[in-house]
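The values are calculated or read from the model by the stated rules, or taken from the named source; none is laboratory data. The structure displayed is predicted, hence computed values, not measured ones. FYI the Cβ positions are ideal-geometry reconstructions off the backbone, even for glycines, and counts take in every protein chain you see.
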């Protein structure tokens, strides 16, 4: 029972890749919810899903799918 790419397969959770590491999350998880769960909530970050930038204005509505590759980059101030 391999399932399809869109099917959650891990005890009702789906697998994504976050910054190169496998991670499980609930189906229907938004980019914003993932940011909160990963400790980036409220921080100024850039998010890329499957090599495409997700604008900040879409973080709450962009829903992740099984197998998505997510990269989060946060700015570090300096002078």
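Restricting attention to region 48-58, the residues that are under 14 Å from residue 16 (Cα atoms) and over 8 Å from the mean Cα position of the chain (by Cα) total 3. Condition check: within 9 Å of the chain's Cα centre (by Cα) and at pLDDT 95 or above. Does residue 17 satisfy that? Yes: the conditions hold for residue 17. Within region 60-73, being buried (at least 17 other Cβ atoms within 10 Å of the Cβ) and either in contact with a helix residue (DSSP H, G or I) (Cβ under 6 Å, 6 or more places away or on another chain) or in a strand (DSSP E or B) (or both) holds for 62, 70, 72. One residue stands out in region 40-53 among those that are in contact with a strand residue (DSSP E or B) (Cβ under 8 Å, 6 or more places away or on another chain) and over 16 Å from residue 75 (Cβ atoms): the one that is surrounded by the fewest Cβ atoms within 10 Å (Cβ to Cβ), namely 51. Among the residues making up region 59-79, those that are under 14 Å from residue 38 (Cβ atoms) and under 10 Å from the mean Cα position of the chain (by Cα) are 59, 64, 68, 70, 71, 72. The residues on offer are 64, 51, and the sole one that is within 21 Å of residue 26 (Cβ to Cβ) and at pLDDT 95 or above is 64. Of the numbered criteria (1) under 12 Å from residue 68 (Cβ atoms); (2) within 10 Å of the chain's Cα centre (by Cα), the one residue 35 fails is (1).
Name the residues in region 19-44 that are touching a helix residue (DSSP H, G or I) at 6+ places or on another chain (Cβ under 7 Å) and assigned to a strand (DSSP E or B), would you? Within region 19-44, just 25 meets the criteria.
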